[in-house]
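Structure first, then comments.
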Amino acid sequence: MNDLPFLSLSIWVPIVAGVLVLFTGDDRRAAAARWLALLGSIAGFAVTIPLYLYFDNGSGGFQFQEIHNWIPAFNIHYHLGVDGIAVPLILLTSFTTFIVVLAGWEVIQKRVAQYNAAFLIMSGIMIGVFSTLDAILYYVFWEAMLIPMFLVIGVWGGPNRVYATIKFFLYTLLGSLLMLVAFIYLYHQSNSFNILDYYAMPLALDVQVWIFIAFFMAFA
């Protein structure tokens, strides 16, 4: 069962569902947008269940791995895989998306399709963040995740949503740039963007500290 692309399905099913929800149009078809979003969230959760059912707790390492060439010139791949920490986070993300769609059923009355699409797309991208094993692919998913978050805050946020979105953008931009610098440094040291290669790469303690600071600033 590990040979099946469960991780790709977990990522792209909610993203495709979100795009389809967008095509329902304006609020004159709000009901269609809600039901399509609900079906998309259920499908998105359903495709993550095999990750839990077929995950082998008795063996270490990353499972359900998928690897395909993406940018061979820089040794960049579409490389996915999960460990025992990522699997429950993926299930939680997909299940929470289902709850979000239900919670906004009556509360969200304007731009219904855009609201539900943003959360579905963000769900798929977040699962990509949890499952990627290529540093550049990770960075792409991380940056892409910020776009629907930015829209949700800016459109459906509270009275200070414009201030909040600007602050959100500045913080995330700075943190993301530091993370990118850390990835580029690790690439020059290993000639690889494979995160698994970084685990085995010897680094001086002061270098490890600076890399930790860069990632801490990006995540915090």
Picked from segment 84-109 (must be within 16 Å of residue 65 (Cβ to Cβ) and in contact (Cβ under 8 Å) with a residue 40 or more places away in the chain), the residue surrounded by the most Cβ atoms within 10 Å (Cβ to Cβ) is 90
Would you say residue 81 is crowded, with 16+ Cβ neighbours inside 10 Å and closer than 26 Å to residue 135 by Cα? yes
Of the residues 192, 123, which single one is out of contact with any strand residue (DSSP E or B) (no Cβ under 7 Å at 6 or more places or on another chain), polar (S, T, N, Q), in a loop (DSSP other than H, G, I, E, B) and within 23 Å of residue 85 (Cβ to Cβ)? 192
Given (1) in a strand (DSSP E or B); (2) aromatic (Phe, Trp, Tyr); (3) without any contact (Cβ under 8 Å) to a residue 60 or more places away in the chain, identify the lone condition not met by residue 70. (3)
Considering only residues that are within 17 Å of residue 124 (Cβ to Cβ) and not in a helix (DSSP H, G or I), which ones fall in segment 4-45? 5, 23
Taking segment 100-131 and keeping only residues that are among the β-branched types (Val, Ile, Thr) and more than 19 Å from residue 22 (Cα to Cα), one is left with 127, 129
Taking segment 195-220 on its own, how many of its residues are part of a helix (DSSP H, G or I) and either at pLDDT below 85 or surrounded by fewer than 17 Cβ atoms within 10 Å (Cβ to Cβ) (or both)? 14
Looking at 113, 103, which one is small (Gly, Ala, Ser), touching a helix residue (DSSP H, G or I) at 6+ places or on another chain (Cβ under 9 Å) and either at pLDDT below 95 or assigned to a helix (DSSP H, G or I) (or both)? 113
So for segment 75-93 (the condition being under 22 Å from residue 30 (Cα atoms), assigned to a helix (DSSP H, G or I), at pLDDT 95 or above and not hydrophobic (A, V, I, L, M, F, W, C)), does at least one residue qualify? no
When every residue in segment 140-173 that is aromatic (Phe, Trp, Tyr) and closer than 22 Å to residue 100 by Cβ is compared, the one modelled with the highest pLDDT is 141
Of the residues that make up segment 54-63, is at least one part of a helix (DSSP H, G or I) and free of Cβ contacts under 8 Å to residues at least 60 places away in the same chain? no
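The values are calculated or read from the model by the stated rules, or taken from the named source; none is laboratory data. Since the model is a prediction, treat every value here as computed from it, not as a measurement. Note: ideal-geometry Cβ built from the backbone for every residue, glycine included; neighbour counts use all protein chains shown.
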